[in-house]
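Comments concern the structure below.
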């Protein structure tokens with residue numbers, strides 16, 4: 001039996017997911033660093049990468065990705081999928097706001113006590129979002145293929 005290669009879109013999504021995971025790990029590590037200009041510089045670099053990545057990842061999920069598959073297989077679940085779509089916007093814009101706050105303040109030390117907890121909260125929200133997506137997809141799979149869902 002020959003193994004088939006993943007389609008480019010699914011392969012791209014896998015790369016998005018891995019890159020997001022790595023960037024969030026970097027972000028988490030940076031939150032443990034001292035509140036100095038070097039940390040600020042690295043935080044901004046990681047946040048820029050996340051802000052570039054997230055719209056592509058979310059677009060894949062929304063436009064013909066696995067969330068579209070969930071709606072196709074289970075049309076009555078559209079409210080749950082819509083909630084995930086709204087989460088995409090909320091996650092993106094809250095991260096953008098934090099990046100803007102960090103980039104406009106000259107002294108990271110001055111705002112670190114404010115933004116570090118907010119970034120931690122964002123990380124938790126992003127992880128909850130990913131877990132909710134995964135639960136929905138697993139439930140859809142179970143329902144479609146006769147599992148317990």
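Here, each number is a calculation from the coordinates, and none is a lab measurement. A quick note: this is a predicted structure, and the numbers were derived from the prediction, not measured. In this analysis, Cβ positions are derived from the backbone assuming ideal geometry, glycine residues included, and neighbour counts consider all displayed protein chains.
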Least to most buried among 110, 141, by other C-beta atoms within 10 Å and fewest first, runs 110, 141
Both in Å, the radius of gyration and Dmax of the C-alpha trace of the stretch 13-141 are 16.1, 51
With no solvent term and unit scatterers on the alpha-carbon positions of the stretch 79-149, Debye gives log₁₀ I(q)/I(0) at q = 0.17, 0.19 Å⁻¹ of -0.70, -0.80
